[in-house]
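Here the structure is laid out as structure tokens; the discussion comes afterwards.
All of the numbers you see were taken from the coordinates with simple rules; none came from a lab. On a predicted model such as this, the values are computed, not experimentally measured, just so you know. Backbone-built Cβ (ideal geometry, glycine too); neighbour counts: all protein chains shown.
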Amino acid sequence: MGKLVPFHILAGIKNDQQIVDMLDNVTILYAKLSFFENDGTMFKGSLNVVQQLASVFNKFDEICEQRQVYKVHSFGDFYVLMSYNGKLPKEKRRNQDLQIEEAYNIILAGFDMLTVVEELQNMGNMIIRNSNLKIGIHTGKIVGALIGQNFVRYDIFGSDVKLT
């Protein structure tokens, strides 16, 4: 199964183009997966914790594919995705019905992520069992851009992205 990448981003990478998207009503999901020891303190970056985090994030990647949402990036124990039907040209995906459908897909992806963590917790692994998944969802305006020259990445910006 191929990765869900908006086709205009792939075309931009192939053709060395600057890609900048200004989009309204994009729904963003932020997830933070924290691992705790039995005494309630956070695990500190052990190899085992990183391996467990990678296995969980791989499952989250599969959810993005299934729900047709776009993984923006992961860093540390954070995972960020946005509503984006990458299979449609962007001028066709901005109508209200599609925006609602995309937001719904983000919400479903969030529930799927919670289910993955719950299932892994029930399997008995102590690191996952003592984990905590926090999810926040917000809809607003973003600027998305293809950033970088040698290491290209699509990233999102704007006041609706940087919520505290």
Exercise. In whole Hz, what ³J(HN,Hα) sequence does region 135-142 give by Karplus (6.51, -1.76, 1.60; θ = phi - 60°), x for Gly and Pro?
Worked result: 10, x, 10, 9, 10, x, 8, 9
For this session: Please order SER131, SER83 by the number of other Cβ within 10 Å, starting at the fewest.
Result: SER131, SER83
Exercise. Taking a point 7 angstrom from the Cα of ASP24 along the C-beta vector, which residues in region 96-114 have backbone N less than 12 Å away?
Worked result: 96
Seminar exercise, completed: Taking r as the C-beta separation of LEU98 and LEU47 and R0 as 41 Å, the FRET efficiency to the nearest 0.05 is 0.45
Seminar exercise, completed: Cβ density ranking, 10 Å radius, fewest first, applied to LYS32, LYS134, LYS71 yields LYS134, LYS32, LYS71
Problem set entry | Nitroxide proxy distance, nm - points 7 Å out along Cα→Cβ at ILE107 and MET126 | 4.0
Exercise. How far apart, in nm, are the 7 Å Cα→Cβ label points at LYS59 and PHE75?
Worked result: 2.6
